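Asks: What follows is a single structure, and I will ask about it in a moment.
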Amino acid sequence: MLEVRGLETSYGDSQVLFGMDLDVGAGEVATLIGRNGMGKTTTVRSIMGIVRPHGGRIMFDGVGIQGNPSYRVAQAGIGLVPEGRQIFPNLSVRENLVATAKARDGDGENWTFDKVMDLFPALSARLDSAGNQLSGGEQQMLAVGRALMTNPKLLVLDEATEGLAPLIRQEIWTCLAGLKAAHQSILVIDKNIDALTRIADRHHIVEKGRVVWTGDSAALRADPTLQERYLGV
């Protein structure tokens with residue numbers, strides 16, 4: 001579904017990505033993992049058209065999307081839960097959700113407002129609250145729900161549980177496990193390796209702007225030197 005090859009991205013004169021490669025298959029959960037500052041978020045921003053790569057290619061459903069503006073990437077079927085959540089602070093929970101709603105193209109069951117409420121029942125009591133009145137956990141639920149309301153073919157989560165209380169983190173992981181069971185394609189960035197290895201099919205370890213290791217959860221768990229060398233645990 002998503003194929004990134006040789007991606008190179010810079011901020012001014014400072015190059016961050018040096019030939020990034022990654023893949024996410026249909027119905028697959030894949031990860032980007034690594035220490036801070038290694039290029040994970042820049043990879044997401046490059047895929048989403050927030051920053052423009054100067055090398056490599058990004059294929060989504062067989063179509064090149066590198067260099068496309070963000071709205072065209074979203075229209076192609078990639079939904080983003082950004083780092084820091086970035087919900088609309090002055091809109092209510094209900095308005096945040098319906099503002100981005102889009103029916104799924106072709107066959108398949110749509111995410112609707114009611115289904116998001118079923119997924120995150122805690123939000124149903126806050127429908128008229130502004131985004132900036134929510135707790136961090138509620139904001140993250142809202143950010144996930146907002147992305148799902150676009151009915152994406154691929155859901156991308158940048159720092160899925162960063163800064164959340166343990167109970168809220170568990171709720172997010174439970175949500176992602178349910179989405180995987182429903183065959184939702186997901187690319188996730190997070191630091192919780194134990195949780196990631198329980199739900200992900202494929203992992204990409206990032207070091208200094210390139211992928212240095214790719215493998216499944218069994219292989220990652222079986223090699224503690226990978227975590228010691230690249231993940232700082």
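The values are calculated or read from the model by the stated rules, or taken from the named source; none is laboratory data. Keep in mind that what you see is a predicted model, and the values were worked out from it rather than measured. So basically every Cβ, Gly included, is an ideal-geometry build from the backbone, and we count neighbours across all protein chains shown.
Asks: Regarding Gln86, is this residue touching a Lys or Arg at 6+ places or on another chain (Cβ under 9 Å) and either of a type in the set (S, T, N, Q) or assigned to a loop (DSSP other than H, G, I, E, B) (or both)?
Replies: Working: touching a Lys or Arg at 6+ places or on another chain (Cβ under 9 Å): no; either of a type in the set (S, T, N, Q) or assigned to a loop (DSSP other than H, G, I, E, B) (or both): yes.
Judged against the criteria, Gln86 is not a match.
Asks: Does any residue in the range 60-74 that is surrounded by 14 or more Cβ atoms within 10 Å (Cβ to Cβ) come within less than 7 Å, Cβ to Cβ, of a residue that is modelled with pLDDT under 95 and among the polar types (S, T, N, Q) six or more places away or on a different chain, and which pairs are these?
Replies: So the pair list comes out as Ala74/Thr150.
Asks: Can you name every residue in the range 41-67 that is farther than 17 Å from Val156 by Cα and part of a loop (DSSP other than H, G, I, E, B)?
Replies: As a first pass, look at the range 41-67 and keep what is farther than 17 Å from Val156 by Cα: 52-57, 62-64, 67.
Residues satisfying the conditions are Arg52, Pro53, His54, Gly62, Gly67.
Conditions (1) among the hydrophobic types (A, V, I, L, M, F, W, C); (2) more than 20 Å from Thr9 (Cα to Cα), marked per residue:
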| position | (1), (2) |
| --- | --- |
| Met38 | yes, no |
| Gly56 | no, no |
| Leu91 | yes, yes |
| Glu95 | no, yes |
| Ala99 | yes, yes |
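Asks: Hey, another quick one. Out of Ile78, Ile65, which single residue is within 13 Å of the chain's Cα centre (by Cα) and not small (Gly, Ala, Ser)? Don't jump to the end; show me each part of the working.
Replies: Values: Ile65 fails: within 13 Å of the chain's Cα centre (by Cα).
Only one candidate qualifies: Ile78.
Asks: Something else now. When the residues of the range 130-147 are narrowed to those that are in contact (Cβ under 8 Å) with a residue 60 or more places away in the chain and small (Gly, Ala, Ser), which ends up nearest to Phe88 (Cα to Cα)?
Replies: Ala143
Asks: For Glu159, all conditions in the list (1) under 22 Å from Glu95 (Cβ atoms); (2) out of contact with any Leu (no Cβ under 7 Å at 6 or more places or on another chain) hold save one; what is the number of the exception?
Replies: Of (1) under 22 Å from Glu95 (Cβ atoms); (2) out of contact with any Leu (no Cβ under 7 Å at 6 or more places or on another chain), only one is false for Glu159: (1).
Asks: Which ones in the range 1-28 are surrounded by 14 or more Cβ atoms within 10 Å (Cβ to Cβ) and either of a type in the set (Val, Ile, Thr) or without any contact (Cβ under 8 Å) to a residue 12 or more places away in the chain (or both)?
Replies: Selection gives Val4, Thr9, Val16, Val24.
Asks: Still on this structure: Just one of Thr41, Thr31 is within 23 Å of Arg198 (Cα to Cα), in contact with a helix residue (DSSP H, G or I) (Cβ under 8 Å, 6 or more places away or on another chain), surrounded by 16 or more Cβ atoms within 10 Å (Cβ to Cβ) and polar (S, T, N, Q); which is it? Before you say what the answer is, go through the steps one by one.
Replies: Details: Thr41 fails: in contact with a helix residue (DSSP H, G or I) (Cβ under 8 Å, 6 or more places away or on another chain).
It is Thr31.
Asks: Counting only residues that are surrounded by fewer than 14 Cβ atoms within 10 Å (Cβ to Cβ) and closer than 15 Å to Met38 by Cα, which one in the range 210-233 is modelled with the lowest pLDDT?
Replies: The residue in question is Gly232.
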